[in-house]
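For reference, the structure discussed in these notes is given below.
The values are calculated or read from the model by the stated rules, or taken from the named source; none is laboratory data. Just so it is clear, the model here is predicted, and its values are computed rather than measured. Note that we place each Cβ from the backbone using ideal geometry, even for glycine, and neighbour counts take in every protein chain shown.
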Amino acid sequence: MTLRIEREAATGVALVTLDRPEKLNAIDLETADGLGSLWRELRFDENVRAAVLTGAGTRAFCTGIDRGMTVPQPPSPYAVDDPLLRIGPKANDLWKPVIAAVEGMACGGAFYLLGEAEFVVASREATFFDPHTTYGMVSAYEAIAMAQRMPFGEVARMSLMGTAERVSAERAYAVGLVSEVTEPGGAVAAALRSAAVVAAYPTEAVQGTVRAVWSAKEAARTQAMAQAPALIALGNLSPERQAELFEGRASGGGNGGAGGAPRVR
């Protein structure tokens with residue numbers, strides 16, 4: 001089992017736990033499918049009015065996609081399947097509030113989840129970073145998600161610095177990524193307290209407010225997300241293939257089209 005869910009009938013809150021601590025709660029295909037199914041299930045569960053999302057153990061909330069797995073890809077240079085695009089509550093049309101509780105590391109693909117939570121509670125020992133550029137990969141969806149929460153310069157710094165710099169919980173709080181910092185081990189309890197407060201309010205008012213908050217930036221987010229696949233496809237090409245494209249343009253050889261399959265993020 002890669003996911004655990006505990007429903008508390010008295011409060012109307014569900015605690016969802018990524019349960020792969022031996023893999024630092026990295027997301028494989030089973031976990032990705034499970035998250036999508038779970039969020040869709042919660043849409044119809046009238047007894048759950050809010051949710052808290054966390055990771056098992058204290059070493060990591062989530063470290064993104066499990067790099068040890070193979071992601072099947074369609075035989076087309078114009079289509080790349082990214083299973084992480086389907087793991088968030090908003091991607092599955094769930095508009096009940098979700099609060100993320102972070103202990104330890106949150107990096108890379110973890111931002112797909114943090115980006116779709118209403119707010120984030122973090123332990124003082126939590127750290128946030130995006131390793132993509134370090135490994136020659138484009139940070140697109142992660143950076144777009146964080147741009148909805150953090151100032152431009154902070155997003156750019158975290159995305160560009162890669163593994164060379166980790167953002168502390170205190171810094172994340174200062175720039176707006178985190179809304180509450182707790183003592184070590186206290187993030188889940190604090191998130192559950194907030195979720196219980198929200199779950200006690202009238203459902204229609206809460207979900208309508210969630211939709212209103214998200215609508216404030218949805219147009220810009222949608223436009224940015226539409227550009228991400230092309231940026232990833234070109235930026236993740238091998239240096240040899242990028243050199244070929246550059247040489248083709250330099251010699252006047254058309255637009256250089258992006259042949260070959262991009263690396264999976």
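Consider the stretch 62-83. How many of its residues are of a type in the set (S, T, N, Q) and surrounded by 22 or more Cβ atoms within 10 Å (Cβ to Cβ)? Talk me through it step by step, then tell me what you get.
First, the residues of the stretch 62-83 that are of a type in the set (S, T, N, Q): 63, 70, 73, 76.
Filter once more, so that each one left must be surrounded by 22 or more Cβ atoms within 10 Å (Cβ to Cβ): 63.
Within the stretch 62-83, residues that are of a type in the set (S, T, N, Q) and surrounded by 22 or more Cβ atoms within 10 Å (Cβ to Cβ) number 1.
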- Item | Output for the stretch 46-60, where each listed residue is part of a loop (DSSP other than H, G, I, E, B) and touching a strand residue (DSSP E or B) at 6+ places or on another chain (Cβ under 6 Å) | 48, 56
- Message: Restricting to the stretch 89-117, count the residues that are surrounded by fewer than 24 Cβ atoms within 10 Å (Cβ to Cβ) and hydroxyl-bearing (Ser, Thr, Tyr).
- Response: 0
- Query: All but one of (1) out of contact with any Lys or Arg (no Cβ under 9 Å at 6 or more places or on another chain); (2) surrounded by 15 or more Cβ atoms within 10 Å (Cβ to Cβ); (3) modelled with pLDDT of 95 or more hold for residue 86; which doesn't?
  - Reply: (3)
- Task: With the condition kept exactly as written, say whether any residue in the stretch 16-24 is outside any helix (DSSP H, G or I), over 17 Å from the mean Cα position of the chain (by Cα) and touching a residue at least 40 places away in the same chain (Cβ under 8 Å).
- Result: no
- Assess whether residue 81 counts as being assigned to a loop (DSSP other than H, G, I, E, B), modelled with pLDDT under 95 and among the acidic types (Asp, Glu). yes
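Name every residue in the stretch 61-78 that is β-branched (Val, Ile, Thr) and assigned to a loop (DSSP other than H, G, I, E, B), in order of residue number. Please lay out each step first, then the result.
Just the residues of the stretch 61-78 that are β-branched (Val, Ile, Thr), to begin with: 63, 65, 70-71.
Matches in the stretch 61-78: 63, 70, 71.
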- Item | Residues that are surrounded by fewer than 21 Cβ atoms within 10 Å (Cβ to Cβ), within 17 Å of the chain's Cα centre (by Cα) and within 15 Å of residue 63 (Cβ to Cβ), drawn from the stretch 134-162 | 137, 162
- Could you list, in sequence order, the residues of the stretch 118-133 that are buried (at least 24 other Cβ atoms within 10 Å of the Cβ) and modelled with pLDDT of 95 or more? 120, 121, 122, 126, 128, 130
- Query: If the Cβ limit is 7 Å and pairs must be 6+ apart or interchain, which residue in the stretch 176-197 that is closer than 27 Å to residue 154 by Cα pairs with which residue that is among the charged types (D, E, K, R) and part of a helix (DSSP H, G or I)?
  - Reply: 181/170
